[in-house]
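For reference, the structure is listed below as structure tokens.
The values are calculated or read from the model by the stated rules, or taken from the named source; none is laboratory data. This is a predicted model, so every value here is computed, not measured. Virtual Cβ from ideal backbone geometry, glycine too; neighbours counted across all protein chains shown. Ligands, DNA and RNA are excluded from the accessible area calculation, which covers all protein heavy atoms including side chains. Shrake-Rupley method; radii C 1.70, N 1.55, O 1.52, S 1.80 Å.
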Amino acid sequence: MKLFGRKPAAASYSRLLPANGGGYLRSATRRLTLDLARAETFASMLANSRASQVIEVSDLLAGMYICNWERLAVYWEGEDREEIESFLRGICRISPERWHSWIEFYDDFRRKGKRWQAWLPLTKLRKTAPAAATLRPSAALVAVLKQAEEIAPSRDSVGEGNIPILTSECVLLCIVRSFGSRVSRKLADTGLDAGRLERDALFPRRGPLK
């Protein structure tokens, strides 16, 4: 395996996680697809690794890259992917050894079709392990998630009402729409096909449970 290489995409696990299943990106006002919840786990690890008190937009973007790149890579042309991957790896700021360990574990996870609980050992990849429960999303990330709630096309019934289901595409679109931020400018500069992303996020061909 190449140091930063990836294996072909395997089956996606897109079930929904409970709205208040323990992560701070989840709340009573939204649900996350499983791939986005995985990205949240990595974002928390990344924020913890630099002793941050909050999860930044860049942390979640890095988690989406690590956990779901095969799905998101389609929004960049082949010749642009090296540049965007270089940028995203820079956000991750992980040593080559720790990166390799993560990818090996992730590949094994996908090949064997393990359930969500199998991701818990990933916390062992951290050299230090501050309590993840102390982390909250930053103000910028809260704004991105709030916007994602407003535009999410899929809903989940809760009691007599319903709440939005956030997908990786929906959240990525809202990150891109965070006009003026360094991350959104960089995404645009690396050849992101914003039109295709917007169509897939707002008018998905399949529901989040497919």
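Things worth noting here:
- Of the GluC sites (Glu not before Pro) in the range 153-209, those whose Cβ has at most 15 other Cβ within 10 Å and which sit in DSSP loop: 160
- Surface exposure of the range 145-190, expressed per residue as accessible area with a 1.4 Å probe, stands at 48 Å².
- For the set 93, 177, 205, solvent exposure ranked by accessible area (probe 1.4 Å, protein chains only) runs largest to smallest as 205, 93, 177.
- The accessible-area ordering, largest first, of the residues 178, 138, 49 stands as 49, 178, 138, per a 1.4 angstrom probe.
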